[in-house]
Every structure is written in structure tokens, then in C-alpha cells.
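The block underneath contains the structure these notes are about, expressed in C-alpha cells.
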Amino acid sequence: MRCSQCNSIQSEDWNHVFRCSSNSADTGKKKLLATIQTELPILKVSVPMTLTILTGVEQWLTEKPLIFPDTTNVPNLPISVRDQVLPLLHKAFQEQTSLGWDNFLKGHSKSGCILFR
């Protein structure tokens with residue numbers, strides 16, 4: 001069965017719907033990332049955690065290598081906090097990568113991903 005948007009032979013399963021290369025899917029990805037970027041601060045998620053989540057989701061959606069973001073220059077993050085938080089964020093990123101960022105979008109996250117609310 002072919003995808004009705006990009007005409008690829010892949011079936012329209014969960015992963016393909018999110019990762020489809022069609023123009024309409026690209027628009028949907030941009031809206032999803034914008035929504036995450038808007039909603040996480042409302043939920044009092046820290047800036048470093050928001051950046052980590054956005055990076056993981058965006059890299060997964062665009063099928064780029066999953067690489068932990070550079071969060072060393074986050075504004076208003078004291079060095080003492082940064083030195084404690086960044087190793088935990090890195091671990092949470094790795095754990096979520098192992099579980100799958102697609103699962104994050106389905107509501108399944110590793111416990112480390114909720115540490116910094």
C-alpha cells in the first residue's frame with residue numbers, strides 16, 4: 001500500500017505518518033514542534049529540558065542522528081545548577097532515545113524526562 005501523501009511504498013503506520021516527507025507532513029511537523037515549544041513552558045518545564053525534548057523530537061521526526069543538544073549556554077542558568085542538571089538531562093535524553101522518541105509522542109517517557117518540571 002502506498003502513502004497517500006508522498007506516494008512511497010511504506011504503509012501509513014504511526015511512524016510514517018509522523019516522518020512522512022510530503023509538504024503537508026512537513027507543515028504538520030512544524031506545528032507539532034511549535035506546540036511543544038509553546039506548551040512546555042506553560043507546564044513549567046525548564047528551558048534546558050524543553051530544549052532537550054524539542055531536539056529529540058525534531059531529530060526523530062526528520063530522521064537525523066539523535067545527538068544531545070548543546071545546553072551549556074542556556075540563559076539564566078547558574079553554573080552550579082548547570083553542572084548538576086546537564087548530566088541528568090544527558091542521561092534522560094539517552095534513556096528516551098533508547099525507548100524511542102516516537103514513544104515520547106505517544107505519551108511514554110522515561111522517568112528522567114520528567115525530572116526538571
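Among T72, T38, which is without any contact (Cβ under 8 Å) to a residue 60 or more places away in the chain and assigned to a helix (DSSP H, G or I)? Of T72, T38, the one residue that is without any contact (Cβ under 8 Å) to a residue 60 or more places away in the chain and assigned to a helix (DSSP H, G or I) is T38. Report whether or not S21 is surrounded by fewer than 18 Cβ atoms within 10 Å (Cβ to Cβ) and of a type in the set (S, T, Y). So S21 passes the test. Of the residues examined, G112 is not one that is at pLDDT 90 or above and in a helix (DSSP H, G or I). Condition first: under 29 Å from R2 (Cβ atoms), surrounded by fewer than 16 Cβ atoms within 10 Å (Cβ to Cβ), more than 14 Å from the chain's Cα centre (by Cα) and among the hydrophobic types (A, V, I, L, M, F, W, C). Can you find one or more residues in region 36-52 that meet it? There is no residue in region 36-52 that is under 29 Å from R2 (Cβ atoms), surrounded by fewer than 16 Cβ atoms within 10 Å (Cβ to Cβ), more than 14 Å from the chain's Cα centre (by Cα) and among the hydrophobic types (A, V, I, L, M, F, W, C). Pick from region 24-35 the residues that are over 16 Å from K64 (Cα atoms) and of a type outside the set (A, V, I, L, M, F, W, C): which of them is least open to solvent (accessible area, probe 1.4 Å)? Step by step, filter region 24-35, then rank; the result is G28. For C6, the criteria (1) surrounded by 11 or more Cβ atoms within 10 Å (Cβ to Cβ); (2) at pLDDT 90 or above hold in every case but one, which is (2).
Taking region 83-105 as the range and being polar (S, T, N, Q) and open to solvent by 70 Å² or more (accessible area, probe 1.4 Å) as the test, the residues that pass are Q84, Q94, S98.
Quick check on region 99-107. Is at least one of its residues closer than 22 Å to K30 by Cβ and among the aliphatic types (A, V, I, L, M)?
Yes, region 99-107 has at least one match.
Taken over region 10-35, the residue count meeting the criterion of being closer than 30 Å to P87 by Cβ and in a loop (DSSP other than H, G, I, E, B) is 0.
The set of residues in region 53-69 that are assigned to a loop (DSSP other than H, G, I, E, B) and either open to solvent by less than 20 Å² (accessible area, probe 1.4 Å) or not aromatic (F, W, Y) (or both) comprises T62, E63, K64, P65, L66, I67, P69.
Going by the conditions given, is N76 modelled with pLDDT under 85 and not basic (K, R)? Answer is yes for this residue.
The values are calculated or read from the model by the stated rules, or taken from the named source; none is laboratory data. As the structure is a computational prediction, the values presented were derived from the model and not from experiment. Heads up, the Cβs are rebuilt from the backbone with ideal geometry, glycines too, and the neighbour counts pull from every protein chain shown. Each accessible area value is taken on the protein alone, full model and side chains, heavy atoms only, with ligands, DNA and RNA left out. Shrake-Rupley method; radii C 1.70, N 1.55, O 1.52, S 1.80 Å.
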